[in-house]
Amino acid sequence: MAQAKASLICGVIAVLLHSAVLAFVEDLDDTFKDTRVNDVWLVDFYAPWCGYCKKLEPVWHDVGAELRSSGSPVRVGKMDATAYSGMASEFGVRGYPTIKLLKGDLAYNYKGPRTKDDIIEFANRVAGPAVRALPSKPMFEHMMKRHDVLFVYVGGESPLKEKYNDVASELIVYTYFFSASEEVLPESVTLPELPAVVVFKDGAHFTYDEYEDGSLSSWVNRERFQGYLQIDGFTLYELGETGKLVAIAVIDEKDPTEESGRLKTMIQRVAKEYREHFNRDFQFGHMDGNDYINSLIMGEVTVPSVIILNTSNEQYFLPSEPIETMEQLVQFITGVLNGSAQAYGGDGIVQRIKRVAFDARSTIMSVFRSSPLLGCFLFGLPLGVISLMCYGICTAESDDGSDDIDALKREGLTDEEEEEEEEERQRVAELEGPEEGDNEEEEAEVGEKNPEEKKTD
């Protein structure tokens, strides 16, 4: 009895906790458009049948609970985009799940990893001011330790500050933006002129130059990553938006070798020592394993090795010989930059057809590897039905085939041709008529003679 009561109490507590968690995530309907204006909302647009949406659901509840408990002004909700398709279309939802932060008239798309910490960091960053002030040196040092890449506007009111504010509003989904006075900066930092936009990263600082770097937005987009990164599939997708080529050392971190360490060190040195030459056009990093690269280029890359990817047109570059020295690596990168290195892949029609076939093959193989019986059912049954249909069509007999052919021939004739054919038939019948009569008379005579011959015998 006591055990039953304990189980009942535990069940009630679990239900209450589940209800409390659900309270942190609000279910939204078609009235949301009119009621959202005065609040900042983080919304998950989902479809009930979507597997990725179901996988995100527990993470989304954790996000709602965390933001509520931390006192964040961001309200968390979810909307069935299939039930309220008109509303979802107004917010530009094209796939599931889609995460958006709605702030006034602005809607910011979340494109990062679907983890609790990453989503919360995005919500707190975008929900706050586009440009945050750093009023003191301790605050500046704290932010330097917290962020790998730090954009800072230094100076007073100016046209450059207006541009900076606009860029911050546009790119706040990717990184933080700060402003400070010159007195707040470390003593080691000296700026040639003010106002200025400075990025602090890789243990150094770099100043924006409008004449050399082009638009401020493009410069920020190129500089928002460290010079050297550990690259995975998601990072590579983000790097594609910078317009840079990506030079990657493909290594196996689970089984490190001397060759892997040497290639990784050389890529790091090039990223740092040749920044002035390559930073505008290249991003450097390493990737653990070659599975993702192999699926990307639809080929096989050895481990360890070096590859350069152009994510804008799906081209890639491989060194003509193994890279042994820094000079060879710099020469290879320079060849890619000036166009002398051979490019592979691309986004032409042949490559697109090859991509469709490769993806189809990969999907079929993954299904058979994960569940052979399911693979046989999904692909064997349709093939069997199609085979039976083809066999039935090929072996079907036609009794009236000759009549159908004659009918088709007659249908293809004109009236004059039909009259000529009819006359031709009549002439043939007249010619054949007497012969057939003679044959009948001969047969009759033979029939009359036969009895006499029999009597004589």
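The values are calculated or read from the model by the stated rules, or taken from the named source; none is laboratory data. Treat the numbers as computed from the prediction; the structure is a model and nothing was measured. Here Cβ is always computed from backbone atoms with ideal geometry, including for glycine, and neighbour counts include all displayed protein chains. Ligands, DNA and RNA are excluded from the accessible area calculation, which covers all protein heavy atoms including side chains. Shrake-Rupley method; radii C 1.70, N 1.55, O 1.52, S 1.80 Å.
Worth pointing out:
- Protein-only accessible surface at a 1.4 angstrom probe places the residues Trp41, Trp49 in the order Trp49, Trp41, largest first.
- Qualifying trypsin sites (Lys or Arg not before Pro) for segment 33-118 [loop in DSSP, other Cβ within 10 Å: at most 11]: Arg94
- Under the convention that each Lys and Arg Cβ holds +1 and each Asp and Glu Cβ holds -1, the size of the dipole of segment 33-147 around its Cα centre is about 280 debye.
- Share of carbon and sulfur in the accessible heavy-atom surface of segment 261-304 [1.4 Å probe, %]: 46
- Computed over segment 77-183, relative contact order equals 26 percent, with contacts defined as Cα pairs under 8 Å that lie 6+ residues apart.
- Sorted peptide list for 241-250, 343-352, 291-300, 380-389, criterion being average Cβ within 10 angstrom, highest first: 241-250, 291-300, 343-352, 380-389
- Above-threshold pairs, the threshold being 29 Å between Cα atoms, out of Lys163/Lys264; Lys244/Lys354; Lys78/Lys354: Lys163/Lys264; Lys78/Lys354
- The HN-Hα couplings worked out from phi for segment 389-395 by the Karplus form 6.51 cos²θ - 1.76 cosθ + 1.60 (θ = phi - 60°) are 4, 5, 5, x, 5, 6, 9 Hz, whole numbers, x standing for Gly and Pro.
- Cα Rg, Dmax (largest Cα-Cα span) when computed across segment 85-187, Å: 16.2, 56
- Integer Hz, Karplus 6.51/-1.76/1.60 couplings in order for segment 319-332, x for Gly and Pro: x, 6, 9, x, 8, 10, 10, 4, 4, 5, 5, 5, 5, 5
- Each part reduced to its alpha carbon centroid, segment 82-130 and segment 206-254 end up 24 Å apart.
- The 3J(HN,Hα) values that the Karplus relation (6.51, -1.76, 1.60; θ = phi - 60°) gives for segment 272-289 are, in residue order, 8, 7, 10, 4, 4, 8, 10, 4, 5, 10, 10, 10, 10, x, 9, 10, 7, x Hz. Gly and Pro appear as x.
- Solvent-accessible surface of segment 219-378, averaged per residue with a 1.4 angstrom probe and all protein chains in place: 55 square angstrom.
- With a cut-off of 13 Å between beta carbons, the residues surrounding Leu56 carry a summed charge of +1, where Lys and Arg count +1 and Asp and Glu -1.
- Net charge of the neighbourhood of Tyr208, taken over other residues with C-beta under 11 Å away and scored Lys/Arg +1, Asp/Glu -1, is -3.
- Local charge for Glu324 was computed over the other residues whose Cβ lies under 12 Å away, with Lys and Arg +1 and Asp and Glu -1, and equals -2.
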